[in-house]
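This report refers to the structure that appears directly beneath it.
The values are calculated or read from the model by the stated rules, or taken from the named source; none is laboratory data. Please read these numbers as outputs of a predicted model, since none were measured by experiment. With ideal geometry, Cβ positions are generated from the backbone for all residues, glycine too; neighbour counts draw on all protein chains shown. Protein only, heavy atoms only, side chains kept; ligands, DNA and RNA dropped before computing areas. Shrake-Rupley method; radii C 1.70, N 1.55, O 1.52, S 1.80 Å.
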Amino acid sequence: MTDKQRIALIIQYDGTHFHGWQRQPNQRTVQEDIETAIGKVLKQERVPLHAAGRTDSGVHAAAQVAHFDAPAHIPAYRWATILNSRLPADVLIRASAPVAKDWHARFDAQWRRYRYSLYTDARPNLFIRRFTWHYYHQRLDESLMLAALKPLLGYHHLSAFQRAGSSRPHAWVDVQDVQCWRSEAFIHIEVQASGFLYGMMRLLVGLLVQVGAGERSLENFQDIWVNERREIVKSAAPPQGLCLLRVGYPNFPFTPDIWFDTFPKFILGKTEPQSPLT
């Protein structure tokens, strides 16, 4: 029997033309594109690829993490170059590395971090359209949005921000960090949690902009999620503004320069102020 090794990948993708991460019949997905490339290298019909989390249709990733098992005769570090030569232009393997045979991209992850970006200038901009929500109808107060986010820190039942159709057995989420800041015409929202509910970030941002626009009070925002009033959360933010930034592990074979901060913070005009994130 051929010796096998487990390979971890750091994956970037522009989600614009993907129907999400997870393989689906008659739809283009990130998982299928990469599995197909691996299969061609190994001359197998399908090699299962396991990700840290599933992103929805149109959502991007700056450092998605996944793993697969392959014969050991190909050095783990070479897989990034091998796959990139076979993948389309909107998917990139940033790095590959060997991991323990029982290491799992999903179950060993301690947290995931997402960023949602809004572009608030009235003038459209072609070069950021695929990665931001162009929200210019009303002035948004980012300080109110941050104030609404802060009570979410901790372990909470967040079913108000869960789309129908989820297979998750519960809606408890450990929210570890929240940030919201303005950089010129952009507002960036970041949330780090142990895991995310189906559609959570987009539903959260959809309600959050109502707070920033003065249409919903801080008290009302908190009442909705504390009392699980899902019927009130009707508008989800569009997918193109959302990006899976990174995933955290206790034992990770990649150095921070490869995975920690690889998605640009858009700016126009003036020099960007120092990010509040650490």
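Structural remarks
- Within the option set A70, A89, being surrounded by 15 or more Cβ atoms within 10 Å (Cβ to Cβ) and outside the structural domain of R168 (by the TED database) holds for one residue only, A70.
- Selection status of C243, of a type outside the set (D, E, K, R), under 22 Å from F127 (Cβ atoms) and at pLDDT 95 or above: yes
- Of the helices (runs of 4 or more DSSP H) entirely within segment 165-278, those holding at least 1 residues that are free of Cβ contacts under 8 Å to residues at least 60 places away in the same chain and surrounded by fewer than 16 Cβ atoms within 10 Å (Cβ to Cβ) occupy 218-226, 256-259.
- Unmet criterion (only one of (1) assigned to a helix (DSSP H, G or I); (2) of a type in the set (K, R); (3) touching a Gly at 6+ places or on another chain (Cβ under 7 Å)) for K150: (3)
- When segment 87-103 is filtered for residues that are under 18 Å from F254 (Cα atoms) and outside any strand (DSSP E or B), the ones remaining, listed by number, are A100, K101, D102, W103.
- Within segment 73-86, the set of residues being surrounded by 15 or more Cβ atoms within 10 Å (Cβ to Cβ) and closer than 15 Å to P253 by Cβ comprises A76, W79, A80.
- Residue ID - least open to solvent (accessible area, probe 1.4 Å), chosen from residues in segment 143-162 that are touching a Leu at 6+ places or on another chain (Cβ under 7 Å) and not aliphatic (A, V, I, L, M): F161
- Residues that are closer than 29 Å to T16 by Cβ, among the charged types (D, E, K, R) and either out of contact with any His (no Cβ under 7 Å at 6 or more places or on another chain) or in a strand (DSSP E or B) (or both) within segment 104-130 comprise R112, R113, R115, D121, R123, R129, R130, listed in sequence order.
- Qualifying residue in segment 131-138 (condition: polar (S, T, N, Q), surrounded by 13 or more Cβ atoms within 10 Å (Cβ to Cβ), without any contact (Cβ under 8 Å) to a residue 40 or more places away in the chain and in a loop (DSSP other than H, G, I, E, B)): no
- Count of residues meeting criterion [within 30 Å of D121 (Cβ to Cβ) and under 18 Å from the mean Cα position of the chain (by Cα)] in segment 150-162: 1
- Those residues of segment 29-55 which are in a helix (DSSP H, G or I) and either under 27 Å from L197 (Cα atoms) or open to solvent by 10 Å² or more (accessible area, probe 1.4 Å) (or both), in sequence order: V30, Q31, E32, D33, I34, E35, T36, K40, V41, L42
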